[in-house]
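One structure is given here, and the rest of the page talks about it.
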Amino acid sequence: MRAWVHAVAALLLFGMGSAPLQAHLLNMTKVQLNLGADGSVAVELSLDLTRAAGGGTAYYQFSRAATPLSDAALTPLLNKLAQAIEVRLDGAAIPLQVGEVRLPSTLPEAEFLSPVAWPMTEIQLHGALPAHASGALQLRFDPAFPFEEPIALTLQRPDNGGRMTRWLVAGQLSPLFPLEASAISVAAASEQEPAWQTLARYLRFGFLHIIPRGLDHMLFVVGLYLGTRKLRSLLLLVTTFTVAHSLTLILASFGALRVPAAVVEPLIALSIAWIGIENLRSDSTRVSRSRVLMVFAFGLLHGLGFAAALKELGLPPSNFVGALLSFNVGVELGQLAVIALALLLSFRWRQHASYRRRIVMPGSLAITLLALLWAGQRLIA
């Protein structure tokens, strides 16, 4: 009984410190570069500084700074960030300076310490093009600074309508962005990365969306695992879930299906709770038809959650279908990794007489309570 209490309490405390409203979003860095008609360069960033600060506690302390630009502890980090963003005009560097910093000063310390919460800092950098500048800009993010990946980069010049959006990783050069809008399409076409690199990146992003950043998806898969002792039945449930979420992910990515996140997010949490409750209610080794149908319905919901991550970041127009499918394959690999880990941890106990009492019941109870907590938080928000 004591083991039950410890297991449930640990998972609940972990979940209460998490960020359930961000459960389907990748931890990422957003960068928008705006070119003014007067030659000004404005770079707006939204990023998580946990690793750069040296951990959640240090980041929390940084966030309390009343005047970030003159804070002795924070200034070196900001200068390092400005130097790590390399803006080049035909190969020549354009220096950037920190102009404004908005720290997540209203968030409690628990948000900074949670492994699935990402307190974002908003930073503005400023620079200027040389007089009568022409040519093309290119960006690179120095891997010496711990940027959270992917880096969603948008370059735009409002005065002539030029705009380009790309996903990058640290160390990768962006496509060329001509100062003349008429040349953008030609330069973009000539600077496309090889298709295999795009597919590899989206595969990685899909995997990361499950491990380590998709706690709710992981718990759903673990709930399926706990619900049956037969690997054949588990394979049926996981395949059903995969087919369903792949369907809505594809439809939503093509714009054929739109459901507000305010509706999807609480329902996803409730779907996890339902799996846990079913595990508590039934010890059947046979998967019923109704359970398969419910898992399919819940898979449709989770697919909308996956689509939210892609909508947040976008898909490359030149390889839209390939990147979409690659992301989905990454998600599947993440799910298989969760199942493999669960098997590794509990395989010796699966056929033991006390397996349900010691593993299934406390695990399912913890999943249920945590999911209900998330559902309440998402409904309130």
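Estimate the FRET efficiency between Tyr355 and Arg232 by the formula 1/(1 + (r/R0)^6), using the beta-carbon distance for r and 22 Å for R0, to the nearest 0.05. Display every interim value, and only then the final one.
Working: r = 17 Å, r/R0 = 0.80.
Once the sixth-power term is evaluated, E becomes 0.80.
I want to check the label-to-label distance for Arg281 and Ala93. Put each point 7 Å from Cα in the C-beta direction and report it in nm to one decimal.
6.4
To one decimal place, what orientation-averaged projected area in nm² is obtained for the convex hull of the Cα set of segment 29-191?
Details: hull surface 38.6 nm².
With every direction weighted equally, the projected area is 9.6 nm².
Based on other C-beta atoms within 10 Å, arrange Arg163, Arg213 from fewest to most.
Working: Arg163 13, Arg213 23.
Least to most surrounded, the residues fall as Arg163, Arg213.
Relative contact order, percent, of segment 61-134 when contacts are C-alpha pairs under 8 Å separated by at least 6 residues?
Relative CO of segment 61-134 lands at 28 percent.
Show that you can apply the helix-only estimate: for the chain, add -39,500 (n - 2.57) for every DSSP H stretch of four or more residues, divide by all residues, and state [θ] at 222 nm to the nearest 500.
Values: 13 runs with 193 residues, N = 381.
That calculation yields -16500 deg cm²/dmol at 222 nm.
Using log10 I(q)/I(0) by the Debye sum over Cα atoms at q = 0.09 Å⁻¹ as the read-out, say which of (i) -0.55; (ii) -0.48; (iii) -0.60 was calculated from these coordinates.
It is the value labelled (iii).
What relative contact order, as a whole-number percentage, does the chain give when Cα pairs under 8 Å and 6 or more residues apart are counted? Let's see the in-between values first.
Working: 614 pairs, mean separation 79.7, N = 381.
The value is 21 percent.
How would Val287, Val292 line up from fewest to most surrounding beta-carbon atoms within 10 angstrom?
Numbers: Val287 19, Val292 16.
Final ranking by Cβ density, sparse to dense: Val292, Val287.
FRET efficiency for Asp38 and Ala110, Cβ-Cβ distance as r, R0 = 51 Å, nearest 0.05?
Working: r = 44 Å, r/R0 = 0.87.
Computed FRET efficiency for Asp38 and Ala110 comes out at 0.70.
Whole number please: convex hull volume per residue, Cα atoms of segment 200-380, in Å³. Please list the in-between numbers first.
Working: hull volume 19.6 nm³, N = 181.
In segment 200-380, the Cα convex hull volume per residue is 108 Å³.
With no solvent and one equal point scatterer placed on each C-alpha of segment 299-352, evaluate the Debye formula and give log10 I(q)/I(0) for q = 0.17, 0.18, 0.31 Å⁻¹, two decimals.
-0.66, -0.70, -1.18
With the contact rule set at Cα under 8 Å and sequence spacing of 6 or more, what percent relative contact order holds for segment 225-365? Please list the in-between numbers first.
Values: 105 pairs, mean separation 59.1, N = 141.
The normalised contact order for segment 225-365 reaches 42 percent.
Quick note: the coordinates plus some simple rules give every number you see, no bench work behind them. Note that this is a predicted model, so its numbers are computed, not measured. With ideal geometry, Cβ positions are generated from the backbone for all residues, glycine too; neighbour counts draw on all protein chains shown.
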